[in-house]
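Notes to accompany the following structure.
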Amino acid sequence: MALTDTLARVDGDLAAGRIPMARQRLRGLVSSFPHDHTLRRRLAEVYRLYGDPAEAGRWMYLEQDRSADETAAFDARYTDPVRRMRALAWRGPEAAAGSAFAVGELASARRSASASAGRALDWDTLPDTGNGTADDGSFGQSLAALGCLAVTLVFLAIWVNGLVGLFD
């Protein structure tokens, strides 16, 4: 779907009060067009409708006219510099940001994240985890694998039991 068609749907969703759908569409657009500041602004507006200043601050982070309260809420939610860098959802070179302010904010976020990670990071090769703790999903993935194994063993036991019962 073309950008203009999706934006028209976002407008329709907002007019009809379907804020979650508008938010979902805008998140998809920002993911596809991370350099488009207008999309980021619109997404921040939707989060303001939700009353979520941290997310509004997230999507306005690269704008010079951003709200200090929203930016502080974003910084408080994403205290780990690598998670904050990932949350900005930027891809490509910082120079593509379009304004000196945005370039500076992106560079600052990258430098902080690189210092925290102990190695140079860039926007296209962020690590999977922000801080290497349990929030990286490894525990959840292990738990899911164990659950799948348990279900497989139960089905196998039922199948073997049925097979034995068939020949008795």
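The values are calculated or read from the model by the stated rules, or taken from the named source; none is laboratory data. These numbers were taken from a predicted model, which means no experiment stands behind them. Using ideal geometry, Cβ is built from the backbone for each residue, glycine included, and neighbour counts are taken over all protein chains shown. Keep in mind that these areas ignore ligands, DNA and RNA; they rest on the heavy atoms of the full protein, side chains included. Shrake-Rupley method; radii C 1.70, N 1.55, O 1.52, S 1.80 Å.
Name the residue, out of 42, 77, 25, that is closer than 18 Å to residue 11 by Cα and in contact with an Asp or Glu (Cβ under 9 Å, 6 or more places away or on another chain). None of the others qualify; the one that does is 25.
Residue check: residue 99 meets all listed conditions (1) of a type outside the set (D, E, K, R); (2) farther than 25 Å from residue 124 by Cβ; (3) over 15 Å from the mean Cα position of the chain (by Cα) but one, namely (2). Inspect the range 28-35 for any residue being surrounded by fewer than 17 Cβ atoms within 10 Å (Cβ to Cβ), under 29 Å from residue 6 (Cβ atoms), among the hydroxyl-bearing types (Ser, Thr, Tyr) and under 14 Å from the mean Cα position of the chain (by Cα) and give the result as yes or no. Scanning the range 28-35 turns up at least one residue that is surrounded by fewer than 17 Cβ atoms within 10 Å (Cβ to Cβ), under 29 Å from residue 6 (Cβ atoms), among the hydroxyl-bearing types (Ser, Thr, Tyr) and under 14 Å from the mean Cα position of the chain (by Cα). Hey, does the range 83-102 have a residue that's farther than 19 Å from residue 30 by Cβ, touching a helix residue (DSSP H, G or I) at 6+ places or on another chain (Cβ under 9 Å) and either touching a residue at least 24 places away in the same chain (Cβ under 8 Å) or hydroxyl-bearing (Ser, Thr, Tyr) (or both)? The answer is no, given that none of the residues of the range 83-102 is farther than 19 Å from residue 30 by Cβ, touching a helix residue (DSSP H, G or I) at 6+ places or on another chain (Cβ under 9 Å) and either touching a residue at least 24 places away in the same chain (Cβ under 8 Å) or hydroxyl-bearing (Ser, Thr, Tyr) (or both). Report whether or not residue 13 is part of a helix (DSSP H, G or I) and open to solvent by 50 Å² or more (accessible area, probe 1.4 Å). Answer is no for this residue.
If you go through the range 82-122 and keep only what is assigned to a helix (DSSP H, G or I) and closer than 19 Å to residue 53 by Cα, you end up with 83, 84, 85, 86, 87, 105.
Could you list, in sequence order, the residues of the range 59-70 that are of a type outside the set (Phe, Trp, Tyr), in contact (Cβ under 8 Å) with a residue 24 or more places away in the chain and in contact with a Ser or Thr (Cβ under 9 Å, 6 or more places away or on another chain)? Quick ask: steps written out before the conclusion?
Step one: of the range 59-70, the residues of a type outside the set (Phe, Trp, Tyr) are 60, 62-70.
From what's left, in contact (Cβ under 8 Å) with a residue 24 or more places away in the chain: 62-64, 70.
Result: 62, 63, 64.
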